[in-house]
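K.L.:
Handing you a structure now.
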Amino acid sequence: MYNLWYKNAVIYCLDVDAFMDFDGDGVGDFLGLTDRLDHIEALGCDTIWLLPFYPSPNKDNGYDITDYYAVDPRLGNLGHFVEFAQGAKDRGLKVMVDLVVNHTSIDHPWFQRSREGDPKYRDWYVWKDEKPADAEKGVIFPGVQESTWTYDRKRQAYYFHRFYKHQADLNIANPAVREEIERIIGFWLALGVSGFRVDAVPFMLEDLEGPDDGESPYGYLGQIRRFLSWRRAEAILLAEANIPMEEAGDYFGNDDRLNVIFNFPLNQQLFLALARRDGTPVARFLKALPEIPETAQWATFLRNHDEIDLGRLEEEERAEVFAAFGPEKSMQIYDRGIRRRFAAMLGGDERRIQMAFSLMLSLPGTPVIWYGDELGMGDNLDLPERNAVRTPMQWSNKRSGGFSTAKPEDCVRTPVTDGPFGYAHINADAQRIDPNSTFSTVQRLIRARRSCPEIGWGKAEVLEIDGPSVLALRYVWRGNRLVTLHNLSDVPQTVEITPLIEGCEVRPVLRAGIDIDRTGDGLTLKLGAYGYEWLRLEAETETETETETETE
Ligand code: NOJ
């Protein structure tokens with residue numbers, strides 16, 4: 001069996017240009033990141049996913065690439081990347097990079113040659129002589145993007161772009177393009193990465209619809225996976241694929257396509273549950289979660305570098321989440337989402353933020369954390385679109401939050417300087433030494449998560465308890481049994497758990513805001529506002545005594 005590390009990984013996602021600026025030019029870089037690897041290791045994460053760091057005109061935060069085999073010179077060079085990768089390896093951290101091959105920047109030499117009609121590149125993109133009738137449908141960024149087909153004067157034809165018009169879709173049906181994609185994968189694997197976060201997977205497959213080779217478009221995922229595994233057996237594909245659950249089987253295959261898929265629908269139910277202070281939406285979703293191959297995995301998350309996409313909720317449900325977490329128009333985006341940081345949405349309520357982290361870490365899958373959320377960083381809504389959540393990391397209360405020696409206005413994106421989320425109040429230096437800080441709590445939570453492999457491997461069983469505010473889950477895997485309880489509301493709840501633990505010795509793994517009543521034979525938990533508890537259940541033995549490994 002190859003190494004299934006990703007089943008129990010904790011992934012930390014960051015943007016190199018916003019993490020740490022080493023040379024003082026206002027832009028984060030690989031030397032700065034290498035210098036701050038200790039923060040990620042101390043938090044307890046074991047994998048780093050880097051947002052795109054390749055040469056790019058940066059019109060879509062690096063998702064518009066002009067060279068797949070190099071580093072954006074603002075961030076360093078390949079030598080700096082390798083130094084970083086070595087630093088990560090020395091600390092036992094794995095590195096994943098973004099594979100953005102649905103499209104390239106229109107500044108990419110391939111596109112330039114294609115529009116000139118160069119025979120080698122003619123068919124590398126998706127061209128049509130006439131503008132298709134549905135060109136205004138299916139835009140991904142409504143309000144900012146008008147169409148999916150744009151006229152090119154030089155080629156005198158229309159090119160397809162699922163995203164912005166400066167991002168032309170590669171023609172994946174072309175074998176030469178597929179060969180190049182393998183070359184890109186091989187290149188970064190040779191530099192030591194452990195896998196790829198694959199951008200826009202369902203849109204990559206669009207080109208392969210109506211196949212002429214008798215294979216379904218999903219078969220292409222199998223082709224990439226085979227190449228990847230041949231080159232490096234432990235490497236994985238972590239897909240950005242916001243798909244309905246019924247399609248999961250097609251994407252995972254039989255352990256021969258994608259390894260991990262972000263569970264976007266679960267994320268939306270989680271926000272609905274938080275907005276309602278009621279675990280039912282998540283409970284209902286988990287009960288209907290399809291079986292997936294044992295070696296496949298979901299990725300869970302609170303926030304990422306994009307908007308929270310609420311597109312899969314019913315209209316009234318979406319309105320509830322907007323009302324709770326993004327009531328102002330300036331907080332909403334693309335008619336479907338919220339462009340805010342997690343802590344800001346929760347009004348900086350630390351107890352609630354920490355409970356939500358605990359809840360997310362106890363959901364089935366591999367957790368992914370967006371840099372800065374471990375501190376409860378806020379957003380800068382003055383920045384355009386999704387840049388609001390991509391402000392510089394807040395290391396200290398010094399100028400520009402210790403991110404750079406440059407002035408705040410000279411930084412890559414203006415840091416959050418004022419208000420309760422400004423770096424004077426929220427920064428890593430202060431939180432590291434405060435045992436009650438969000439950082440210290442998330443650190444404990446991650447440690448607990450990593451000691452509970454049953455969450456990564458087992459099936460989440462929803463336990464029936466009184467009252468909808470508490471979500472109770474049980475995992476059973478290879479003799480390990482874990483029960484997690486989270487009170488999503490600000491009203492204390494009393495939960496009688498005796499029937500859930502019958503015949504077992506109870507060993508608390510982690511708790512906050514809980515009182516335990518052991519009167520009589522039973523066990524009653526009083527979960528305070530946003531209280532939570534993780535309990536290990538062990539077969540009862542006469543001699544065993546209860547020991548607490550983690551308490552707050
Ligand atoms: C998905 C990425 O997460 C997003 O940031 C980007 O804008 C689109 N893909 C287009 O590349």
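Any read-out appearing in this document is the output of simple, stated calculations on the displayed coordinates, not a laboratory observation. Note that the coordinates shown come from a computational prediction; the quantities given were computed from them, not determined experimentally. Every residue, glycine among them, receives a Cβ derived from its backbone with ideal geometry; neighbour counts consider all protein chains shown.
K.L.:
Nearest 10 degrees, 0 to 90: what angle lies between the long axis of helix 438-450 and the longest principal axis of the chain (Cα atoms)?
P.N.:
90
K.L.:
Compute the separation of the alpha-carbon centres of the stretch 283-306 and the stretch 203-266 and state it in Å as a whole number.
P.N.:
16
K.L.:
Okay, moving on. Once the convex hull of the C-alpha atoms of the chain is built, how many Å³ does it hold per residue, rounded to a whole number?
P.N.:
On the way: hull volume 84.1 nm³, N = 552.
Measuring per residue, one finds 152 Å³ for the Cα hull of the chain.
K.L.:
Now a separate question. Please compute the net charge surrounding Ser489, taking Lys and Arg as +1 and Asp and Glu as -1 over other residues with Cβ under 11 Å from its Cβ.
P.N.:
Numbers: positive: Arg276, Arg277, Arg352; negative: Asp278, Asp490.
Here the charged neighbours net out to +1.
K.L.:
Then there's this: Using only Cα atoms, what is the ratio of the radius of gyration of the stretch 454-539 to 2.2 N^0.38 Å?
P.N.:
Working: Rg = 12.2 Å, N = 86, 2.2 N^0.38 = 12.0 Å.
With N residues counted in the stretch 454-539, Rg over 2.2 N^0.38 Å equals 1.02.
K.L.:
In addition: By a straight-distance test (C-alpha under 16 Å), which lysines pair with Lys94 as possible cross-link partners, with residues fewer than eight away in the same chain excluded?
P.N.:
Lys7
K.L.:
Let me spell out the model: positive unit charges on the Cβ of Lys and Arg, negative unit charges on the Cβ of Asp and Glu, origin at the Cα centre of the chain. What dipole size does that give, in debye rounded to 20? Write out the running numbers ahead of the final one.
P.N.:
Working: 61 positive and 90 negative charges, 163 e Å.
Roughly 780 debye for the chain.
K.L.:
Tell me the angle of helix 175-190 to the major Cα principal axis of the chain, expressed in degrees between 0 and 90 and rounded to the nearest ten.
P.N.:
With rounding to tens, the tilt is 50 degrees.
K.L.:
Could you calculate, for the stretch 265-346, the ratio of the Cα radius of gyration to the Kirkwood radius, expressed as Rg to Rh?
P.N.:
Numbers: Rg = 13.2 Å, Rh = 13.4 Å.
That ratio is 0.99, to two decimals.
K.L.:
In whole Å, what is the distance between the alpha-carbon centres of the stretch 393-468 and the stretch 47-112?
P.N.:
Taking the Cα centre of the stretch 47-112 as reference, the centre of the stretch 393-468 is 25 Å away.
K.L.:
Below 12 Å, Cα to Cα, which aspartates and glutamates can Lys128 reach? Residues fewer than 8 away in the same chain don't count.
P.N.:
Excluding near neighbours in sequence, the set is Asp152.
K.L.:
Is there a quick way to get the dipole size of the stretch 244-366? I mean about its Cα centre, with the Cβ of Lys and Arg at +1 and of Asp and Glu at -1; what is the value in debye to the nearest 20? Walk me through the intermediate numbers first.
P.N.:
Numbers: 15 positive and 20 negative charges, 128 e Å.
Using only the charged Cβ atoms, the result is roughly 620 debye.
K.L.:
Now a separate question. List the aspartates and glutamates whose Cα sits under 13 Å from the Cα of Lys59, skipping any in the same chain fewer than 8 residues away.
P.N.:
Asp107, Glu385
K.L.:
Given Cβ point charges of +1 (Lys, Arg) and -1 (Asp, Glu) and nothing else, what value in debye, to the nearest 20, does the dipole of the stretch 1-63 about its Cα centre take? List each step's numbers first, then the result.
P.N.:
On the way: 3 positive and 11 negative charges, 81 e Å.
Charge dipole, the stretch 1-63, about its Cα centre: 380 debye, nearest 20.
K.L.:
Counting other C-beta atoms within 10 Å, and keeping those with at most 14, which DSSP coil GluC sites (Glu not before Pro) do you find in the stretch 177-236?
P.N.:
Values: sites: Glu179, Glu180, Glu182, Glu206, Glu209, Glu215, Glu234; in loops: Glu209, Glu215, Glu234.
For GluC sites (Glu not before Pro) across the stretch 177-236 that sit outside H, G, I, E and B with at most 14 neighbouring Cβ atoms in 10 Å, the list reads Glu209, Glu215, Glu234.
K.L.:
How far, in degrees from 0 to 90, does helix 350-361 lean away from the longest principal axis of the Cα atoms of the chain, to the nearest 10?
P.N.:
For 350-361 against the chain, the angle is about 70 degrees.
K.L.:
While we're here: Long-range amide H contacts for Ile48: which residues qualify at under 5 Å (H placed 1.01 Å from N, peptide plane, sequence gap of 5 or more or a different chain)?
P.N.:
Sorted by chain and number, the residues that satisfy this are Tyr12, Lys94, Val95, Met96.
K.L.:
For the stretch 156-240, go through all pairs of different Cα atoms, get the mean of 1/r, take its inverse, and jot down that Kirkwood value in Å. Provide the component values of the computation, followed by the final result.
P.N.:
Details: mean 1/r = 0.0714 Å⁻¹.
Hydrodynamic radius (Kirkwood, Cα pairs) of the stretch 156-240 is 14.0 Å.
K.L.:
Where does the chain land at 222 nm, in deg cm²/dmol rounded to the nearest 500, when only DSSP H runs of n ≥ 4 count, each adding -39500 (n - 2.57), divided by all residues? Mind showing how you got there, number by number?
P.N.:
Numbers: 18 runs with 153 residues, N = 552.
Taken over the chain, the calculation gives -7500 deg cm²/dmol.
K.L.:
Could I ask something else about it? From zero up to wherever the largest Cα-Cα distance of the stretch 103-171 sits, split into 5 Å bins and tell me the percent of pairs in each.
P.N.:
Calculated over all Cα pairs of the stretch 103-171, the distribution is 4, 20, 29, 26, 13, 6, 1, 0 percent.
K.L.:
In addition: Give the distance, in whole Å, between the Cα centre of the stretch 124-200 and the Cα centre of the stretch 22-38.
P.N.:
Going from one Cα centre to the other spans 31 Å.
K.L.:
Okay, moving on. Of all DSSP beta bridges in the chain, what percent run antiparallel (nearest 5)? Kindly include the intermediate steps, with their values, before the conclusion.
P.N.:
Values: 45 of 73 bridges.
Counting DSSP beta bridges with both partners in the chain, the antiparallel share is about 60 percent.
K.L.:
Using θ = phi - 60° and the Karplus relation 6.51 cos²θ - 1.76 cosθ + 1.60, list the HN-Hα couplings for the stretch 264-279 in order, rounded to whole Hz, with x at every Gly or Pro.
P.N.:
For the stretch 264-279, the Karplus-derived couplings read 5, x, 5, 4, 5, 5, 5, 5, 5, 4, 5, 4, 7, 6, 8, x Hz, x marking Gly and Pro.
K.L.:
Moving to a separate point now. So if a site counts as exposed when it's one of the chymotrypsin sites (Phe, Trp or Tyr not before Pro), its DSSP state isn't H, G, I, E or B, and it has at most 16 other Cβ atoms within 10 Å, what's the longest stretch of the chain without one?
P.N.:
Values: sites that count: Tyr2, Tyr69.
So the longest stretch without any such site is 70-552.
K.L.:
Could I have the simple spin-label model distance between Phe141 and Thr524, label points 7 Å from Cα toward Cβ, reported in nm to one decimal?
P.N.:
According to this spin-label approximation, the distance is 5.6 nm.
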